[in-house]
Amino acid sequence: MSLPTEPIGSIPRPAHLIQANQDFEEGRITQRELDEHRDRALRDTIEQFIETGSPVITDGEQSKPSFATYPVAGLKLDPGGAVVPFADGHTRRLPLLTEGNFRYQTHGGDYLRKTREVLRTVRSMTDLPVKQAVIAPSMLSLFYPPDGIDGYSREQFLDDLVNEAEADLRGCLEGGAHKVQMDFTEGRVSCKLDPSGGLLRDFVALNNRVLERFSPDERQRIGVHTCPGGDQDSTHSADVDYKDFLPSFFELNAGNFYLQMAGEHDRRRVLALVGQHIRPGQRVFIGVTDPIDPRVETPEEVRDRVLEAAEFIPLGQLGTCDDCGFAPFADDTSTSRETAFAKIRARVEGTRLAAESLGV
């Protein structure tokens, strides 16, 4: 397929893994028993990804506690960080660090190695491209407590964070990832927290401190994903207009941009904005399936969304993706695995149909 299509990241966890995560938190099973459930879920996820015909797969984030907190799992944390409200009334609360000398406890490369190990035992799919999702340093910057940490300034923390985020990305590239995707959901919500755009500019500057450490060729394998949140079939910032966000978004020094679009009310207006702000050397992957919508899109609907996007974005800079991950938090059961993989199949087939129509 000459029109690239990629998944975003998370796949809903099977019931046995959700229960195992809870049992581990409450001390009823050991780490080894939890890992057995994670390995079982990972294998099933990879096998189902292959069945969809997806040209690129992910681990579905089966072993992550959430898309955002895997680097700090195991650290001593204060659970009383910022509260993120969602449109349906539920919330998620960020943790806060309590100690200095910040270091990642787990890296994206650790998950990538496990995925590639499983691939070697699944139908000899050793060459199937694997995409690895990592968290953007801008999200982790919110974990530094507003009152500070004795003997460990915010500036020291940000220096450590930039070093760790670079190692996270570099480990994935060196581990053979097809692409490495930085999740940047905090980007759009930052416009809601600070309408002046100052917080968004700070986030972009911090992420660029990391991205600038990579060569132009390496940055062509690095991407950034943004969406208005997608937890329990609700969003945290869908009311933020893309016109206030996209100019800064495309200032990130990455080669690939994954953009929620299927769930937008006025796609044509937003696609026109994308066409105005995308820079040479950047490829934008447009969301063509909506994980929040329980209805599975048809391949023909996906095809038509791609053809619509092609009116505004040069074909050489266009790709497709899902709007968001299907379950960014490990306990999210709002979407079934069956629905998630059905939407992925629709994306793959619809993108193929669009490529045929476009003659690419």
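Going by what's in this entry, would D88 be described as without any contact (Cβ under 8 Å) to a residue 12 or more places away in the chain and either more than 21 Å from V210 (Cα to Cα) or out of contact with any His (no Cβ under 7 Å at 6 or more places or on another chain) (or both)? Show your work before the answer.
Details: without any contact (Cβ under 8 Å) to a residue 12 or more places away in the chain: no; either more than 21 Å from V210 (Cα to Cα) or out of contact with any His (no Cβ under 7 Å at 6 or more places or on another chain) (or both): yes.
In short, no.
Being aromatic (F, W, Y) and touching a helix residue (DSSP H, G or I) at 6+ places or on another chain (Cβ under 7 Å) narrows it down to one residue among F285, F341; which is it?
Exactly one residue qualifies, and that residue is F341.
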Cβ pairs under 6 Å, 6+ apart or interchain, first in region 166-189 and more than 15 Å from Y258 (Cβ to Cβ) and among the small types (G, A, S), second surrounded by 24 or more Cβ atoms within 10 Å (Cβ to Cβ) and modelled with pLDDT of 95 or more, ordered by first then second residue, are G175/L112
Identify all residues within region 95-150 that are without any contact (Cβ under 8 Å) to a residue 40 or more places away in the chain, out of contact with any Lys or Arg (no Cβ under 9 Å at 6 or more places or on another chain) and among the small types (G, A, S); write none if there are none. S124
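Can we say I11 is touching a strand residue (DSSP E or B) at 6+ places or on another chain (Cβ under 9 Å), surrounded by 14 or more Cβ atoms within 10 Å (Cβ to Cβ), within 25 Å of A177 (Cβ to Cβ) and not acidic (D, E)? Give the steps one after another, and end with the answer.
On the way: touching a strand residue (DSSP E or B) at 6+ places or on another chain (Cβ under 9 Å): no; surrounded by 14 or more Cβ atoms within 10 Å (Cβ to Cβ): yes; within 25 Å of A177 (Cβ to Cβ): yes; not acidic (D, E): yes.
For I11, the condition - touching a strand residue (DSSP E or B) at 6+ places or on another chain (Cβ under 9 Å), surrounded by 14 or more Cβ atoms within 10 Å (Cβ to Cβ), within 25 Å of A177 (Cβ to Cβ) and not acidic (D, E) - is not met.
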Can you work out which of the residues in region 1-59 that are free of Cβ contacts under 8 Å to residues at least 12 places away in the same chain and of a type in the set (K, R) is nearest to T298 (Cα to Cα)? R32
Cβ contacts < 6 Å: first residue under 25 Å from R92 (Cβ atoms), restricted to region 327-346; second residue at pLDDT 95 or above and among the hydrophobic types (A, V, I, L, M, F, W, C), any location; separation 6+ or different chain. Result? T335/F326; A340/I11; A340/F326; K343/V296
Unique residue being among the hydroxyl-bearing types (S, T, Y) and modelled with pLDDT of 95 or more when the list is T235, T298: T298
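From the set of residues in region 207-227 that are in a loop (DSSP other than H, G, I, E, B), surrounded by fewer than 24 Cβ atoms within 10 Å (Cβ to Cβ) and of a type outside the set (G, A, S), which is nearest to the chain's Cα centre (by Cα)?
Our first condition is that a residue be in a loop (DSSP other than H, G, I, E, B); within region 207-227, this holds for 212-215, 220-221, 227.
Next cut, surrounded by fewer than 24 Cβ atoms within 10 Å (Cβ to Cβ) only: 212-215, 220-221.
Right, trim to of a type outside the set (G, A, S) and you get 212-214, 220-221.
Values: E212: 20, R213: 21, F214: 20, Q220: 17, R221: 15 Å.
So the residue we want is R221.
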Members of region 330-341 that are of a type outside the set (D, E) and either surrounded by fewer than 19 Cβ atoms within 10 Å (Cβ to Cβ) or on the phi > 0 side of the Ramachandran plot (or both): T333, S334, S336, T339
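The values are calculated or read from the model by the stated rules, or taken from the named source; none is laboratory data. Quick caveat: nothing in here was measured; it's all calculated off a predicted structure. Don't worry about glycine lacking a Cβ; one is built from the backbone with ideal geometry, like all the others, and counts go over all protein chains shown.
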